Amino acid sequence: MSASVSLPPDAYRARAAAPYWPLWVTCFLGYAAMGMTIQVMPAYAHQQMGAAAFGAGLAVTIGSLAAMLARPIAGRLADQHGPRGIVLAGSVLGVAGGIGHLLSIDLPTLIVARLLLGAGEGALFTAAIAWVLADTDPTQRGRIAGQFGASMWCGLAGGPVLGAAVLWISGFRGVWIIASLLPALAWLLIVRTPRGIDPTVPTDRAPRSWLPRAAQLPGASNIAAGISYGTIAAFLVPRFDSLQLPGQQLVLAVFGLSFITCRFIGSAWVDRFGARRVLLTSFLIEAVALGGLAVNVTTALAFQCVILAGAGLSLLYPCLATLVSEATPTRERATALGAVTSAWDLGVAFGGPLGGLVAGATNAPPFVVGAVAALCAMLPLMIRRH
């Protein structure tokens, strides 16, 4: 950190050449393709492929598994060879995945297409965020990481809407065609950027780790945070239903709106107040919100807890990205960012099944699990501080 601060005042202006908006739009397009396929996948796997519930569920989630596994690998390659090629490769994998959906003839070939699409989007975002942060003033890392990371969430939120509209107009074939074209457009955006703006790749021969030390404790924290989000994704609507509260159709939209709004507005707080302080506060807010959803029986308070939950989770990534970027050598930064992001995916994957083991008739216990997970997420940060 101190070495970065000692640069001349104009150094960051000279380096700040990363194509921020092309990369932002590229990630948005990639995740919009993923989101629109998720929207129609259960019906497609069941109706067109004759898949049972397990097969349909696997077709939905296998793409996320591929993304989780691809992130650290993509980060390692970006550290070694530069992020531009990895962003382009991720876009190509996304195109191949979209075409694979179009050409799939049975469930196994569909699974392969899902793997290609998921791996492509995981590689795309990991290399893109590393590229952007490489040219970011350390005093602006939280704001940039948070607002750039919103490209993924906006794509995942807008993709299902687009998928439903395309399905209504032209059926499944139209969905797969659009899902192929969006990553192709992303590839064109990056190909058109000048090559001279790529970050410098370190030429030293120092060993690079697949799990950099600076990412280990933040990664553990992000696994616990992912469990909290997995609880919300799986049990928020059922919880409202079990309490017979109105607004079940809107509750996830309210959560998403709170998340996106706080991400755009609050990311600057990470730089202003410090990543660790904001992160610990966010976990406390999340624990209170999930605890409230476990015991609450009124509509107004339930929605207030939902809004707080969205706000609490919204600032986790900019905080963790800032902490990891500050503590990781340049030669391992993309690898570390990929590992921490994969940790979130792993936590989300565990959150739903873990909550399902204790759900019961009221669907309240999963939120107790989520609240405890949010409190546990604070522990690695405290260990690191001491």
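The values are calculated or read from the model by the stated rules, or taken from the named source; none is laboratory data. Just so we're clear, the structure is a prediction, and the values are computed from it rather than from any experiment. Virtual Cβ from ideal backbone geometry, glycine too; neighbours counted across all protein chains shown. Quick note on the areas: whole protein, heavy atoms, side chains included, nothing else; ligands and nucleic acids left out. Shrake-Rupley method; radii C 1.70, N 1.55, O 1.52, S 1.80 Å.
Among the candidates VAL191, VAL201, the residue that is of a type in the set (Val, Ile, Thr), loosely packed, with under 15 Cβ neighbours inside 10 Å and modelled with pLDDT of 90 or more is uniquely VAL191. The set of residues from the stretch 100-146 being of a type in the set (Ser, Thr, Tyr), in contact (Cβ under 8 Å) with a residue 60 or more places away in the chain and open to solvent by less than 30 Å² (accessible area, probe 1.4 Å) comprises THR126, THR136.
Quick check: anything in the stretch 317-334 open to solvent by 40 Å² or more (accessible area, probe 1.4 Å), in a loop (DSSP other than H, G, I, E, B) and modelled with pLDDT under 95? Before the answer, list the steps.
Step one: of the stretch 317-334, the residues open to solvent by 40 Å² or more (accessible area, probe 1.4 Å) are 326-327, 329-331.
Within this subset, residues satisfying the condition of being in a loop (DSSP other than H, G, I, E, B) are 329.
Among the residues that remain, those that are also modelled with pLDDT under 95 are: 329.
The answer is yes; a qualifying residue exists.
What tally of residues in the stretch 85-99 results from selecting those that are farther than 17 Å from LEU185 by Cβ and either in contact with a His (Cβ under 6 Å, 6 or more places away or on another chain) or buried (at least 21 other Cβ atoms within 10 Å of the Cβ) (or both)?
Restricting attention to the stretch 85-99, the residues satisfying the condition of being farther than 17 Å from LEU185 by Cβ are 85-86.
Those left that are additionally either in contact with a His (Cβ under 6 Å, 6 or more places away or on another chain) or buried (at least 21 other Cβ atoms within 10 Å of the Cβ) (or both): 86.
Looking only at that region, the number is 1.
Given the structure, is ILE105 more than 19 Å from ASP79 (Cβ to Cβ) and assigned to a loop (DSSP other than H, G, I, E, B)? Yes. Considering the conditions (1) open to solvent by 10 Å² or more (accessible area, probe 1.4 Å); (2) small (Gly, Ala, Ser); (3) part of a helix (DSSP H, G or I); (4) touching a residue at least 60 places away in the same chain (Cβ under 8 Å), ALA361 is excluded by exactly one of them, (3). If you go through the stretch 364-376 one residue at a time, do you hit one that is farther than 30 Å from ASP135 by Cα, modelled with pLDDT of 90 or more and assigned to a loop (DSSP other than H, G, I, E, B)? Looking for residues that are farther than 30 Å from ASP135 by Cα, modelled with pLDDT of 90 or more and assigned to a loop (DSSP other than H, G, I, E, B), one finds at least one in the stretch 364-376, hence yes.
Please work out which residue is farthest from the chain's Cα centre (by Cα), limiting yourself to the stretch 133-174 and to residues that are under 13 Å from ILE38 (Cβ atoms) and not hydrophobic (A, V, I, L, M, F, W, C). Filtering the stretch 133-174 for residues that are under 13 Å from ILE38 (Cβ atoms) and not hydrophobic (A, V, I, L, M, F, W, C), the one farthest from the chain's Cα centre (by Cα) comes out as GLY163.
When the residues of the stretch 16-60 are filtered to those that are of a type in the set (Phe, Trp, Tyr) and under 12 Å from GLY159 (Cβ atoms), the one that is nearest to the chain's Cα centre (by Cα) is TYR31. Only residues that are open to solvent by 60 Å² or more (accessible area, probe 1.4 Å) and either without any contact (Cβ under 8 Å) to a residue 40 or more places away in the chain or over 20 Å from PRO318 (Cβ atoms) (or both): list them for the stretch 217-257, please. Answer for the stretch 217-257, where residues must be open to solvent by 60 Å² or more (accessible area, probe 1.4 Å) and either without any contact (Cβ under 8 Å) to a residue 40 or more places away in the chain or over 20 Å from PRO318 (Cβ atoms) (or both): ASP241, GLN244, PRO246, GLN249, LEU250, LEU252, ALA253. Selection of first residues in the stretch 50-75 that are under 14 Å from LEU116 (Cβ atoms) and touching a residue at least 24 places away in the same chain (Cβ under 8 Å) and of second residues that are polar (S, T, N, Q) and in a helix (DSSP H, G or I), restricted to Cβ pairs under 7 Å at least 6 apart or on distinct chains, gives the following pairs, ordered by first then second residue: ALA74/THR126. Number of residues in the stretch 268-308 that are open to solvent by 80 Å² or more (accessible area, probe 1.4 Å) and either among the aromatic types (Phe, Trp, Tyr) or not in a helix (DSSP H, G or I) (or both) equals 3.
Close contacts from the stretch 172-183, counting a first residue that is among the hydrophobic types (A, V, I, L, M, F, W, C) and a second that is outside any helix (DSSP H, G or I), with Cβ to Cβ under 7 Å and a gap of 6+ residues or different chains, come to PHE172/GLN48.
Before we move on, is ILE265 surrounded by fewer than 16 Cβ atoms within 10 Å (Cβ to Cβ) and assigned to a helix (DSSP H, G or I)?
Yes; evaluated as a whole, the condition is true for this residue.
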